[in-house]
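Right, one structure below, let's go through it.
The values are calculated or read from the model by the stated rules, or taken from the named source; none is laboratory data. All values derive from a computational prediction rather than experimental measurement. Note: ideal-geometry Cβ built from the backbone for every residue, glycine included; neighbour counts use all protein chains shown.
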Amino acid sequence: MPIHPLPSYHFLVEWGGTRITFIEVSGLQIIDEVIEHHDGSDPGQVAHKMPGLRKYSNIILKRGIVKGDNDFFNWMNTKNLNEIERRDILVKLLNQNHEPVITWRAVNAFPVRLSGPVLNAAASNVAIEELELAHEGLIVEVS
């Protein structure tokens, strides 16, 4: 049976049980910092390396603007002093049967940037908005 890589265009995003359509999702990254240290009794001039803190990149969601849909803006407006509504976000890569093969779960995500579209009278592009999310962990689940 041949094994073929999955296409990146067949995915869905869920938050709070709601499916939302997006044209692009990026930033699904887990990064372990590297700590370098030198042992004073080591005669070599070599820095030893060990894993440090784990960090997660911000996730960027892009979608076409639809009249009357203010979900991104409303979520940004839940901020009150240092509190904001947090949500678990699921990004699912789907197979040809529309079943999830890999799911990325961003834990306690919240918006940190909302960008409106680039407006250009000489172009005929769709108006795209962009939402950037910070989160506290990325769990990868393979089906």
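Inspect all residues belonging to region 32-50 and state whether any of them is under 20 Å from the mean Cα position of the chain (by Cα) and either within 30 Å of V118 (Cα to Cα) or at pLDDT 90 or above (or both).
The answer is yes, given that some residue of region 32-50 is under 20 Å from the mean Cα position of the chain (by Cα) and either within 30 Å of V118 (Cα to Cα) or at pLDDT 90 or above (or both).
Can we say D69 is among the charged types (D, E, K, R) and surrounded by 11 or more Cβ atoms within 10 Å (Cβ to Cβ)?
yes
Considering K79, K92, which residue is of a type in the set (D, E, K, R) and in contact (Cβ under 8 Å) with a residue 60 or more places away in the chain?
Within the list K79, K92, the selection yields K92.
Select from region 1-46 the residues that are in contact (Cβ under 8 Å) with a residue 24 or more places away in the chain and assigned to a loop (DSSP other than H, G, I, E, B) and list them in ascending order.
Scanning region 1-46 gives L6, S8, H10, G16, T21, F22, I23, G27, L28, Q29.
Can you tell me which residue within region 1-20, out of those that are of a type in the set (V, I, T) and more than 13 Å from K92 (Cβ to Cβ), is modelled with the lowest pLDDT?
Step by step, filter region 1-20, then rank; the result is T18.
For K49, are the conditions met, namely being surrounded by fewer than 12 Cβ atoms within 10 Å (Cβ to Cβ), free of Cβ contacts under 8 Å to residues at least 24 places away in the same chain and in a loop (DSSP other than H, G, I, E, B)?
Spelling it out, it is not the case that K49 is surrounded by fewer than 12 Cβ atoms within 10 Å (Cβ to Cβ), free of Cβ contacts under 8 Å to residues at least 24 places away in the same chain and in a loop (DSSP other than H, G, I, E, B).
Which of the residues spanning region 72-86 are assigned to a helix (DSSP H, G or I) and surrounded by 13 or more Cβ atoms within 10 Å (Cβ to Cβ)?
F72, F73, W75, M76
Have a look at I20, I35, I31, I84 and point out the one that is closer than 14 Å to L138 by Cβ and either of a type in the set (V, I, T) or in contact with a helix residue (DSSP H, G or I) (Cβ under 8 Å, 6 or more places away or on another chain) (or both).
I31
Based on this model, can you work out whether A122 counts as more than 14 Å from L12 (Cα to Cα) and over 21 Å from the mean Cα position of the chain (by Cα)?
yes
Mind listing whichever residues of region 51-77 are small (G, A, S) and at pLDDT 90 or above?
Of everything in region 51-77, those that are small (G, A, S) and at pLDDT 90 or above turn out to be G52, S57, G64.
Taking region 78-129, which residues are under 21 Å from P5 (Cβ atoms) and either among the hydroxyl-bearing types (S, T, Y) or in contact with a Leu (Cβ under 7 Å, 6 or more places away or on another chain) (or both)?
Those that are under 21 Å from P5 (Cβ atoms) and either among the hydroxyl-bearing types (S, T, Y) or in contact with a Leu (Cβ under 7 Å, 6 or more places away or on another chain) (or both): V91, K92, L93, L94, N95, P100, V101, I102, T103, W104.
Of all strands (runs of 3 or more DSSP E) completely enclosed by region 87-143, which ones contain at least 1 residues that are exposed (fewer than 13 other Cβ atoms within 10 Å of the Cβ)?
In region 87-143, 100-115, 138-142 are the strands (runs of 3 or more DSSP E) which contain 1 or more residues that are exposed (fewer than 13 other Cβ atoms within 10 Å of the Cβ).
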